[in-house]
Structure formats: C-alpha cells, structure tokens
1. Mind giving me the FRET efficiency for residue 13 and residue 34? R0 is 22 Å, r the Cβ-Cβ distance, nearest 0.05 is fine.
2. Calculated from the structure, log10 I(q)/I(0) by the Debye sum over Cα atoms at q = 0.14, 0.16 Å⁻¹ equals which of [x] -0.72, -0.91; [y] -0.85, -1.02; [z] -0.65, -0.84?
3. If you count the DSSP beta bridges with both ends in the chain, what percent of them are antiparallel, to the nearest 5?
4. Please determine, in degrees from 0 to 90 and to the nearest 10, the orientation of helix 38-47 with respect to the longest principal axis defined by the Cα atoms of the chain, where the helix direction is its Cα long axis.
5. Given the rule -39500 (n - 2.57) for each run of at least 4 DSSP H residues, summed and divided by the residues of the chain, what is its mean residue ellipticity at 222 nm, to the nearest 500 deg cm²/dmol?
6. Just want to confirm a number: the relative contact order over the stretch 69-110, from Cα pairs under 8 angstrom separated by 6+ residues, in percent.
7. Among 50, 97, 139, determine the one that fluctuates most according to a GNM of the chain built with springs between C-alpha atoms less than 10 Å apart.
8. Treat each spin label as a single point 7 Å out from the Cα along the C-beta direction, and report the residue 130 to residue 80 distance in nm.
C-alpha cells in the first residue's frame, strides 16, 4: 500500500483512522475525510510529509445526490523535490454549517482558492484574513455555484 498511496501510508495510525476512503482516480490518489478532521491531516501533509505546494482549493455541491454530506471541499497538494507526488484530499462538509478552518497559515496560496470557493459556494474558511467577494460584486446576495441557485438567475440582470 505504501507505494500505491504514499501520502496515506506515511500517516501515523491515529491519522489514518480519519481517512474515510482512499481511491485511485485518473492516475492520482484521492483521500477523503470529514470536515473536523481535515486540519490535522493537512498539517501532517505540510510539515511531516513536505507537501510544499497547494495547487488548488475548490468545492463540489452534491445537492440532491446520495452522498455523505452536501459539500465536498477539494484540496490538491503537490510535493516537489526528490520524491515528487500529487494527490487530492476531499473533505465532506454539511450544509447546516458550511465552515472549515483556513489553511492559509500552512500554504499562503490558499488565500485565493479559499476566497473563490467562499464567493461561489458560500463556504466560510475561518482564519482566512480576506474573504471579500472575488468574482461577484460585494453586495451580491447569493452564491452562484450552489445547485439550488436558479439557472436563470434571480433577476440580477434586467
């Protein structure tokens, strides 16, 4: 398992228990966990396993689908150097409190991804110093990538 899933295999057993699923998808390892557990996993990947580059942060809205939770926040991590690797951590997040702790203190590159994810999906990243709207006007009342956002809009353009 260590060769097939290096990120998962290098976790201490206390953190391995937090992983809900490990799969290979399109040549890349995908791990999943629940929202409260993401922070300790990401700290390990950053500090103990030297995943020094956060490629992207985004989200998926599974409204109406039979999934663990409504939202899945996706972190794409890459390790450069002598043992390069890339994988995705998928974090399940409920719709009643769509809040995660920010990882800006681990990877400064999270600033923009978290900000865009907040702007499009309404997910709050506690600790991110700047969650102003990025693509939408500051006074825009909704989050346009939510599945329950009407396809015709809400009359913003007349």
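Read-outs throughout are calculated quantities, based only on the coordinates presented, and are distinct from any laboratory measurement. Owing to the predicted nature of the structure, the values given are computational and were not obtained by experimental measurement. With ideal geometry, Cβ positions are generated from the backbone for all residues, glycine too; neighbour counts draw on all protein chains shown.
1. For R0 = 22 Å, the calculated efficiency reads 0.80.
2. Only one listed value fits the structure, namely [x].
3. Antiparallel: roughly 70 percent of the beta bridges in the chain.
4. So the helix axis and the longest Cα principal axis differ by about 50 degrees.
5. Theoretical 222 nm ellipticity from helices: -5000 deg cm²/dmol.
6. Relative contact order here is 37 percent.
7. 139
8. 2.2
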